[in-house]
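Peer 1: Following this message is one structure expressed as structure tokens.
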Amino acid sequence: MNITFFGSAESWYLGDLRRAGGDRVVITPAPFSTIESSINGDHVLVDSAISRGGRSTPPATAHRPLSTAHCVLVRTMPPGSLEQVVFRMDALASLEAAGTLVVNPPKAIEAAVDKYLTTSRLARAGLLVPRTFTCQAADAAMHAFTSLGGDVVLKPIFGGEGRGITRLADEALALRAFKLIEQLGGVIYLQEFIEHEGYDIRVLLIGERVLAMRRRNRLDWRTNVSRGAKTEPHEASTTEVDMARRAAKAVGAPLAGVDLLPARDGRQYAIEVNAVPGWRALSRACRVDVSAIVLDWLRAQAG
């Protein structure tokens, strides 16, 4: 099986997937910056500089056109200009339309990377989400700050692993933060702070396979592993599995990491869907070879 891996050549995931695949799988890393496309008549070809031996080619890399890969696995979504990001997603969509398995589908990546769009879809799918307000003006954000109880979580629309997330419970600090974002031409995305017991649940869906862990942080209200949270295996309940499946379906991601937050009042919130989910911490916590499971699933999907 040949897989093109859109991510860093130094990525832990590349190394672990190669370990799990052994001689049965050839995985070629390719940065998003190497994507290129040619159109000739009705023929659309999407390729990369690496596969044609361009200047970005690492030594000893096997050269295979993207169109001959059994699967394109997206393991990162690097920053770039609006034009670059749109072109990259369009190119992945062209590959998918030509019959190449792209995981996750570009439409799913586009939806999941956008917190506003994700939350909108989760709400429309009937899942419980925190009260949310999104705007572009500090005055409107201050009205929302009050209506959300004067204790909110400010999040960047794009980003993950808890980066840039701030809890605001002081009116003066909130106004200062909102004005700064407005001056920078940004979007103010606010959610009510949900009182919880210091942990959340990450459910990893690999097709029909379900794995879950609990992430607990006694030193920070944020439960990301990158913020020091400790992990332990978790047996997802029927309700949690149902919520995770509905959340992943809402963004169209068959390989998804869904974050669920049990509140102190007993309600369970759907917080986020990650369409480029990590599994390093989960693999350790559950003592499961997740990379092998992912490869088996990809092989089945690719036929």
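Each value in this text was obtained by applying a stated rule to the coordinates, not by laboratory testing. Note that the structure is predicted; figures quoted are calculated from it, not measured. Neighbour counts are summed over all protein chains in view; Cβ atoms, including those assigned to glycine, are modelled from backbone coordinates with ideal geometry.
Peer 1: May I ask for the angle, rounded to the nearest 10°, between helix 171-183 and the longest principal axis of the chain, with both axes built from Cα atoms and the value confined to 0 to 90°?
Peer 2: Around 40 degrees separate the two axes.
Peer 1: Can I ask one more? How much of the DSSP beta bridge set in the chain is antiparallel, as a percent to the nearest 5?
Peer 2: Antiparallel bridges: around 80 percent, rounded to the nearest 5.
Peer 1: To the nearest 0.05, what FRET efficiency results for GLU195 and ASP23 with a Förster distance of 51 Å applied to their C-beta separation?
Peer 2: FRET efficiency, GLU195 to ASP23: 0.50.
Peer 1: Might you report the magnitude of the Cβ-based charge dipole of the stretch 2-103 about its Cα centre, with Lys and Arg at +1 and Asp and Glu at -1, to the nearest 20 debye? Spell out each step's value before the answer.
Peer 2: Details: 8 positive and 9 negative charges, 72 e Å.
Around 340 debye, computed over the stretch 2-103.
Peer 1: Quote to one decimal, in nm, the extra length available between HIS143 and ILE157 on full extension: 0.36 nm per residue of separation minus the C-alpha distance between them. Spell out each step's value before the answer.
Peer 2: Values: separation 14, 0.36 × 14 = 5.04 nm, distance 1.94 nm.
Extra length available between HIS143 and ILE157 comes to 3.1 nm.
Peer 1: If I model a spin label as a point 7 Å beyond the Cα along the Cα-Cβ vector, how far apart are those points for ALA302 and VAL241 in nm?
Peer 2: 2.8
Peer 1: Rg/Rh for the chain to two decimals, with Rh computed the Kirkwood way over all alpha-carbon pairs.
Peer 2: Dividing the radius of gyration by the Kirkwood radius yields 0.99.
Peer 1: I would also like to ask the following. List the residues of the stretch 180-208 whose backbone N lies under 20 Å from a point placed 7 Å from the Cα of ALA172 along the Cα-to-Cβ direction.
Peer 2: Taking a point 7 Å out along Cα→Cβ of ALA172, the residues of the stretch 180-208 whose backbone N falls under 20 Å are 180-181.
Peer 1: Ok, one more. So how tilted is helix 290-302 from the main axis of the chain? Cα-based, degrees 0 to 90, rounded to 10.
Peer 2: Compared with the principal axis, the helix lies near 60 degrees.
Peer 1: Take the Cα gyration tensor of the stretch 2-103, multiply each eigenvalue by 5, square-root it, and list the three semi-axes largest first, rounded to whole angstrom.
Peer 2: Working through the eigenvalues yields semi-axes of 21, 15, 13 Å.
Peer 1: Moving on. Going highest first, how would you order 230-236, 39-45 by mean Cβ packing within 10 Å? Can you show the working numbers first?
Peer 2: Working: 230-236: 15.1, 39-45: 9.3.
Sorting 230-236, 39-45 by mean packing, highest first, produces 230-236, 39-45.
Peer 1: If you take the Cα Rg of the stretch 74-175 and divide it by 2.2 N^0.38 Å, with N the number of residues, what do you get?
Peer 2: Values: Rg = 17.0 Å, N = 102, 2.2 N^0.38 = 12.8 Å.
For the stretch 74-175, the normalised Cα radius of gyration is 1.33.
Peer 1: I would also like to ask the following. Using the beta-carbon distance between ARG131 and ARG284 and R0 = 41 Å, what value does 1/(1 + (r/R0)^6) give for FRET efficiency, to the nearest 0.05?
Peer 2: 0.75
Peer 1: Applying 1/(1 + (r/R0)^6) with R0 = 51 Å to the Cβ-Cβ distance of ALA98 and ARG267, what FRET efficiency is obtained, to the nearest 0.05?
Peer 2: Efficiency, from the Cβ-Cβ distance: 0.70.
Peer 1: Determine the principal axes of the Cα atoms in the stretch 132-192, then give the extent along each, sorted from largest to smallest and rounded to whole angstroms.
Peer 2: 26, 22, 18 Å, listed from the longest principal axis down.
Peer 1: Next up: Which lysines does LYS115 reach when only Cα atoms under 23 Å apart count, and residues fewer than 8 places away in its own chain are ignored?
Peer 2: Within the straight-line limit of under 23 Å, LYS115 reaches these lysines: LYS107, LYS155, LYS179, LYS249.
Peer 1: Shifting gears a bit: With the cut-off at 1.5 for a/c, could you classify the stretch 196-295 from its C-alpha gyration tensor as rounded, prolate or oblate?
Peer 2: oblate
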